[in-house]
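Data first, discussion second: the structure below is written as structure tokens.
Values quoted throughout were computed directly from the atomic coordinates according to the rules given, and no laboratory measurement underlies them. Predicted model only: the values in this text are computed from it and were never measured. Cβ atoms come from the backbone with ideal geometry, glycine included; neighbour counts cover every protein chain shown.
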Amino acid sequence: MKKIVFFLFFTPFIGACSLNKYAKNNRKIKKETFKKDSSLITYTAISYINTFKNIAIEEMKNNGIPASITLAQGLLESGNGNSDLAKIANNHFGVKCHNNWLGKTYFKDDDQINDCFRVYDNADESYKDHSEVLKKDRYKFLYDLPITDYKSWAKGLKTAGYATNPKYPELLIAVIEKYQLQNYDLPNGEYFTPTSALAPIKTETQKSISSIYVVKQGDTLYNISKRFNLTVEELQQLNNLVDNQIKLGQSLNVVK
């Protein structure tokens, strides 16, 4: 009986210690980030593109990945550079730790609770590591595609398993065409000035997306936000949420 009581008492204690460990780590990373830069920038899509187009073009020249694809992924994965992961961890592509990462880490709910993400000293390091990720064998076939064929690259990334969202290619293509990012894949593309004057191009698949999502088992605000190309903060604002707590069966507005 004593063993049972000890187990029932000790198990929640271990779980609480684990949660405290993750929270303590994240507080440390956040403190280090704000110590380096206490006035973190809030980006618009246009200012994000203007800030990171040069590193995207540099990575294209060095590694053969279309700058349009890299920028579109950065915009989507980081919520225009405004997600916690981008601001605090300088991680603009949602790259997880995996077994080979020896650097600093940041924890957020994603496919699992407290998934481990890589922390970079600056955003340029995130862009360079993104190129390294795409050097894995499963992405090799992409480099046989023309560097200007952003549509095939977008579809190929999904085929290779880069993202679980079945609409990922359409989302990338829509962002590229909205801001004409394909111009950065061309010679002298760095001189192109992006504009948001064009209306976003919506595919039939995107038009059919319901504006309401019902929370399912295992859902978190973070993975729901990624699924619908939102930041956690935008999802909270759309639904008047004061924290990250959601309930099974809860209806959420997922369209801005």
As a check on your grasp of the helix formula, calculate [θ] at 222 nm for the chain: sum -39500 (n - 2.57) over DSSP H runs of n ≥ 4, divide by the residue count, round to the nearest 500.
-15000 deg cm²/dmol
To the nearest 0.05, how large is the calculated FRET efficiency for ASP149 and SER211 if R₀ is 35 Å and r is the Cβ-Cβ distance?
0.60
Counting only C-alpha contacts under 8 Å and six or more residues apart, can you give the relative contact order of region 40-202 as a whole percent?
24
Under unit Cβ charges (Lys, Arg +1; Asp, Glu -1), what dipole magnitude, rounded to 20 debye, does the chain have relative to its Cα centre?
960
FRET E, pair ASP109, PHE192, Förster distance 35 Å, beta-carbon r, rounded to 0.05
0.40
Could you please state, rounded to a whole Å, how far the C-alpha centre of region 233-256 is from the C-alpha centre of region 99-159?
27
For the chain, the longest principal axis of the Cα atoms and the Cα long axis of helix 2-36 enclose an angle in degrees, to the nearest 10, of 40
Chain lengthening between ASN62 and TRP101 when straightened (0.36 nm per residue, less Cα-Cα)
11.8 nm
Return the sequence-ordered ³J(HN,Hα) values of region 73-88 in whole Hz as given by the Karplus equation 6.51 cos²θ - 1.76 cosθ + 1.60 applied to θ = phi - 60°, using x for Gly and Pro.
5, x, 4, 5, 5, 9, x, 6, x, 10, 6, 4, 4, 6, 6, 8
So, by mean Cβ neighbours within 10 angstrom, what's the order for 156-166, 238-248 with the highest one leading?
156-166, 238-248
Of the convex hull enclosing the alpha-carbon atoms of region 14-135, the direction-averaged projected area in nm² is 7.9
Quick one: angle between helix 150-159 and the longest Cα principal axis of the chain, in degrees between 0 and 90, rounded to 10, please.
30
First check a/c for region 209-256, with a ≥ b ≥ c the square roots of the eigenvalues of its C-alpha gyration tensor; if it is under 1.5, answer rounded, and if not, answer prolate when a/b is larger than b/c or oblate otherwise.
rounded
Estimate the FRET efficiency between ALA23 and THR44 by the formula 1/(1 + (r/R0)^6), using the beta-carbon distance for r and 22 Å for R0, to the nearest 0.05.
0.10
Taking the dipole of region 48-201 about the Cα centre (Lys, Arg +1; Asp, Glu -1; charges at Cβ), the one of ALA56, ALA123, ASN99 that reaches farthest to the positive side is ASN99
Once both axes come from the Cα atoms, what is the angle between helix 123-133 and the longest principal axis of the chain, in degrees from 0 to 90, rounded to 10?
90
Quick calc of log₁₀ I(q)/I(0), the chain, Debye, one scatterer on every Cα, no solvent, q values 0.09 1/Å, result -0.44
Spin-label pair ASN54/LYS136, simplified geometry with 7 Å Cα→Cβ offset, distance in nm
3.1
